[in-house]
Amino acid sequence: MALMRIVHYPEPVLLTVGKPVGDGEFGADLERTVADMFDTMRDAGGVGLAAPQVGLSQRFFVMDVAKEGQPDPQVFINPEIMSVEGEQIGDEGCLSFPGLYQSVKRDMRVIVRAQDVKGELIERDLTDLAARCVLHETDHCDGIVFLDRMTALKRELAKRKIKHLQKTGKWE
Ligand code: NI
(Lines give C-alpha, C1' and ligand atoms only; values in the text may rest on other atoms or scores of the structure.)
Protein backbone atom coordinates (compact mmCIF):
# COMPACT_ATOMS: atom_id res chain seq x y z
CA MET A 1 0.00 0.00 0.00
CA ALA A 2 1.40 3.35 -1.05
CA LEU A 3 -0.15 6.53 0.18
CA MET A 4 0.05 9.67 -1.93
CA ARG A 5 0.14 13.23 -0.59
CA ILE A 6 -3.25 14.90 -0.86
CA VAL A 7 -2.89 18.52 -1.95
CA HIS A 8 -4.95 21.14 -0.18
CA TYR A 9 -6.71 24.22 -1.51
CA PRO A 10 -5.51 26.64 -2.88
CA GLU A 11 -2.68 24.70 -4.55
CA PRO A 12 -2.76 25.62 -8.27
CA VAL A 13 -3.16 22.02 -9.54
CA LEU A 14 -6.64 22.00 -7.96
CA LEU A 15 -7.62 25.03 -10.02
CA THR A 16 -6.20 23.78 -13.35
CA VAL A 17 -8.13 21.86 -16.03
CA GLY A 18 -6.69 18.33 -16.19
CA LYS A 19 -5.33 16.78 -19.38
CA PRO A 20 -7.29 13.90 -20.89
CA VAL A 21 -5.69 10.47 -20.44
CA GLY A 22 -4.41 9.42 -23.87
CA ASP A 23 -4.79 5.92 -25.36
CA GLY A 24 -1.06 5.31 -24.87
CA GLU A 25 -1.24 6.08 -21.16
CA PHE A 26 -3.31 3.03 -20.19
CA GLY A 27 -1.28 0.22 -18.68
CA ALA A 28 0.62 -0.85 -15.59
CA ASP A 29 1.65 2.65 -14.45
CA LEU A 30 -1.91 3.97 -14.58
CA GLU A 31 -3.19 0.85 -12.79
CA ARG A 32 -0.63 1.36 -10.01
CA THR A 33 -1.58 5.02 -9.66
CA VAL A 34 -5.28 4.09 -9.44
CA ALA A 35 -4.54 1.43 -6.77
CA ASP A 36 -2.51 3.98 -4.77
CA MET A 37 -5.34 6.51 -5.08
CA PHE A 38 -7.83 3.97 -3.68
CA ASP A 39 -5.48 3.34 -0.73
CA THR A 40 -5.02 7.07 -0.20
CA MET A 41 -8.76 7.78 -0.38
CA ARG A 42 -9.65 5.00 2.07
CA ASP A 43 -6.85 5.96 4.47
CA ALA A 44 -8.21 9.52 4.52
CA GLY A 45 -11.79 8.33 4.99
CA GLY A 46 -13.08 9.76 1.68
CA VAL A 47 -15.54 8.39 -0.88
CA GLY A 48 -13.92 9.99 -3.93
CA LEU A 49 -10.48 11.20 -5.00
CA ALA A 50 -9.52 12.87 -8.27
CA ALA A 51 -6.07 12.93 -9.90
CA PRO A 52 -5.51 16.69 -9.33
CA GLN A 53 -5.93 16.06 -5.59
CA VAL A 54 -2.77 13.96 -5.62
CA GLY A 55 -0.94 16.50 -7.77
CA LEU A 56 -1.65 14.92 -11.19
CA SER A 57 -3.22 17.36 -13.62
CA GLN A 58 -5.24 14.70 -15.44
CA ARG A 59 -8.88 13.81 -15.97
CA PHE A 60 -9.63 10.76 -13.87
CA PHE A 61 -10.90 9.84 -10.44
CA VAL A 62 -11.68 6.93 -8.14
CA MET A 63 -14.70 6.55 -5.91
CA ASP A 64 -16.24 4.04 -3.55
CA VAL A 65 -19.75 4.83 -2.45
CA ALA A 66 -20.31 1.59 -0.54
CA LYS A 67 -23.65 -0.08 -1.21
CA GLU A 68 -25.27 -1.59 1.89
CA GLY A 69 -21.85 -1.81 3.52
CA GLN A 70 -20.31 -3.62 0.54
CA PRO A 71 -17.32 -1.90 -1.11
CA ASP A 72 -18.08 -0.68 -4.63
CA PRO A 73 -14.79 0.67 -6.08
CA GLN A 74 -15.17 2.45 -9.41
CA VAL A 75 -12.69 4.25 -11.66
CA PHE A 76 -13.72 6.95 -14.13
CA ILE A 77 -11.12 7.97 -16.71
CA ASN A 78 -11.92 10.91 -19.01
CA PRO A 79 -15.39 11.32 -17.47
CA GLU A 80 -18.09 13.16 -19.41
CA ILE A 81 -21.46 14.05 -17.88
CA MET A 82 -24.00 13.14 -20.57
CA SER A 83 -27.20 14.25 -18.80
CA VAL A 84 -28.50 15.32 -15.42
CA GLU A 85 -31.90 15.40 -13.75
CA GLY A 86 -33.48 16.67 -10.53
CA GLU A 87 -31.69 18.21 -7.60
CA GLN A 88 -30.41 17.40 -4.14
CA ILE A 89 -29.12 19.64 -1.38
CA GLY A 90 -26.78 18.24 1.22
CA ASP A 91 -23.55 18.66 3.11
CA GLU A 92 -20.42 17.97 1.15
CA GLY A 93 -16.78 17.61 2.13
CA CYS A 94 -13.56 17.31 0.17
CA LEU A 95 -10.21 15.76 1.08
CA SER A 96 -8.53 18.90 -0.28
CA PHE A 97 -10.52 21.02 2.20
CA PRO A 98 -9.82 19.23 5.50
CA GLY A 99 -12.45 19.93 8.15
CA LEU A 100 -14.75 21.93 5.88
CA TYR A 101 -18.31 20.71 5.31
CA GLN A 102 -20.83 22.88 3.53
CA SER A 103 -24.23 22.49 1.96
CA VAL A 104 -24.06 22.27 -1.85
CA LYS A 105 -26.85 21.90 -4.40
CA ARG A 106 -26.23 19.14 -6.99
CA ASP A 107 -28.17 17.23 -9.62
CA MET A 108 -29.98 14.17 -8.22
CA ARG A 109 -29.22 11.89 -11.15
CA VAL A 110 -26.38 11.76 -13.69
CA ILE A 111 -25.54 9.68 -16.69
CA VAL A 112 -21.76 9.61 -17.05
CA ARG A 113 -19.56 8.12 -19.73
CA ALA A 114 -15.92 7.37 -19.13
CA GLN A 115 -13.26 4.73 -19.64
CA ASP A 116 -12.33 2.12 -17.07
CA VAL A 117 -8.75 1.42 -16.01
CA LYS A 118 -8.29 -0.83 -19.06
CA GLY A 119 -9.55 1.86 -21.43
CA GLU A 120 -12.94 0.22 -22.09
CA LEU A 121 -15.87 2.61 -22.51
CA ILE A 122 -18.37 2.55 -19.65
CA GLU A 123 -21.66 4.33 -19.00
CA ARG A 124 -23.23 4.64 -15.55
CA ASP A 125 -26.64 5.91 -14.46
CA LEU A 126 -26.29 7.08 -10.85
CA THR A 127 -28.37 8.85 -8.22
CA ASP A 128 -28.08 10.34 -4.74
CA LEU A 129 -24.61 10.16 -3.13
CA ALA A 130 -23.07 8.41 -6.16
CA ALA A 131 -24.35 11.20 -8.44
CA ARG A 132 -23.10 13.87 -6.04
CA CYS A 133 -19.70 12.19 -5.90
CA VAL A 134 -19.38 11.86 -9.71
CA LEU A 135 -20.28 15.55 -10.14
CA HIS A 136 -17.84 16.65 -7.42
CA GLU A 137 -14.98 14.55 -8.81
CA THR A 138 -15.63 15.42 -12.47
CA ASP A 139 -15.45 19.06 -11.36
CA HIS A 140 -11.99 18.35 -9.89
CA CYS A 141 -10.94 17.00 -13.31
CA ASP A 142 -12.00 20.35 -14.77
CA GLY A 143 -10.19 22.49 -12.17
CA ILE A 144 -13.41 23.31 -10.30
CA VAL A 145 -13.65 22.92 -6.51
CA PHE A 146 -16.81 22.68 -4.40
CA LEU A 147 -16.25 26.22 -3.17
CA ASP A 148 -17.19 27.30 -6.71
CA ARG A 149 -20.54 25.47 -6.41
CA MET A 150 -21.64 27.21 -3.21
CA THR A 151 -23.85 30.24 -3.01
CA ALA A 152 -21.88 33.51 -2.64
CA LEU A 153 -22.83 33.76 1.03
CA LYS A 154 -21.77 30.19 1.87
CA ARG A 155 -18.54 30.68 -0.11
CA GLU A 156 -17.63 33.70 2.03
CA LEU A 157 -18.38 31.75 5.22
CA ALA A 158 -16.30 28.84 3.93
CA LYS A 159 -13.35 31.10 3.06
CA ARG A 160 -13.46 32.61 6.53
CA LYS A 161 -13.47 29.14 8.06
CA ILE A 162 -10.50 28.10 5.86
CA LYS A 163 -8.54 31.15 7.06
CA HIS A 164 -9.29 30.18 10.65
CA LEU A 165 -8.23 26.56 10.06
CA GLN A 166 -5.01 27.78 8.40
CA LYS A 167 -4.26 30.10 11.31
CA THR A 168 -4.75 27.32 13.87
CA GLY A 169 -2.48 24.97 11.91
CA LYS A 170 -5.26 22.56 10.95
CA TRP A 171 -4.72 23.20 7.24
CA GLU A 172 -1.35 22.95 5.50
NI1 NI B 1 -13.04 17.03 -3.56
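The values are calculated or read from the model by the stated rules, or taken from the named source; none is laboratory data. For clarity, every value in this text was computed on a predicted model and none was experimentally measured. Using ideal geometry, Cβ is built from the backbone for each residue, glycine included, and neighbour counts are taken over all protein chains shown. Just the protein is used for accessible areas: all its heavy atoms, side chains included, with ligands, DNA and RNA removed. Shrake-Rupley method; radii C 1.70, N 1.55, O 1.52, S 1.80 Å.
Going by the conditions given, is Arg149 under 14 Å from the mean Cα position of the chain (by Cα) and of a type outside the set (Asp, Glu)? Judged against the criteria, Arg149 is a match. Among the residues making up segment 49-76, those that are part of a strand (DSSP E or B) and open to solvent by less than 10 Å² (accessible area, probe 1.4 Å) are Leu49, Ala50, Phe60, Phe61, Val62, Met63, Phe76. For Asp148, the conditions (1) exposed (fewer than 15 other Cβ atoms within 10 Å of the Cβ); (2) away from the ligand (no atom under 16 Å from the Cβ); (3) not small (Gly, Ala, Ser) are fulfilled apart from (2). All of (1) open to solvent by 20 Å² or more (accessible area, probe 1.4 Å); (2) in a strand (DSSP E or B); (3) among the aliphatic types (A, V, I, L, M); (4) within 15 Å of the ligand (Cβ to nearest atom) hold for Leu129 with one exception: (2).
For segment 32-40, does any single residue satisfy the condition of being open to solvent by less than 30 Å² (accessible area, probe 1.4 Å), over 20 Å from Glu120 (Cα atoms), at pLDDT 95 or above and out of contact with any Ser or Thr (no Cβ under 8 Å at 6 or more places or on another chain)? For segment 32-40, residues open to solvent by less than 30 Å² (accessible area, probe 1.4 Å), over 20 Å from Glu120 (Cα atoms), at pLDDT 95 or above and out of contact with any Ser or Thr (no Cβ under 8 Å at 6 or more places or on another chain): present.
The sole residue among Gly143, Gly119 that is outside any strand (DSSP E or B) and more than 16 Å from the ligand (Cβ to nearest atom) is Gly119. Within segment 77-91, the residues that satisfy the criterion of being more than 22 Å from Gly18 (Cα to Cα), of a type outside the set (A, V, I, L, M, F, W, C) and assigned to a strand (DSSP E or B) are Glu85, Gln88, Gly90, Asp91.
Here's the yes/no breakdown for (1) in contact with a helix residue (DSSP H, G or I) (Cβ under 9 Å, 6 or more places away or on another chain); (2) surrounded by 18 or more Cβ atoms within 10 Å (Cβ to Cβ):
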position	(1), (2)
Ala2	yes, no
Asp29	no, no
Gly45	no, no
Glu87	no, no
Leu95	yes, yes
Pro98	yes, no
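The single condition from (1) open to solvent by less than 30 Å² (accessible area, probe 1.4 Å); (2) within 12 Å of the chain's Cα centre (by Cα) that Gly22 fails is (2).
Yes or no, residue by residue, for (1) over 23 Å from Pro10 (Cβ atoms); (2) within 14 Å of the ligand (Cβ to nearest atom):
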site: Met63; (1), (2): yes, yes
site: Asn78; (1), (2): yes, no
site: Gly90; (1), (2): yes, no
site: Phe97; (1), (2): no, yes
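Got at least one residue in segment 108-124 being over 29 Å from Ala35 (Cα atoms) and without any contact (Cβ under 8 Å) to a residue 40 or more places away in the chain? No, every residue in segment 108-124 fails to be over 29 Å from Ala35 (Cα atoms) and without any contact (Cβ under 8 Å) to a residue 40 or more places away in the chain.
On the given criteria, is Pro79 within 11 Å of Val134 (Cβ to Cβ) and in contact (Cβ under 8 Å) with a residue 60 or more places away in the chain?
Taking the combined requirement at face value, the residue satisfies it.
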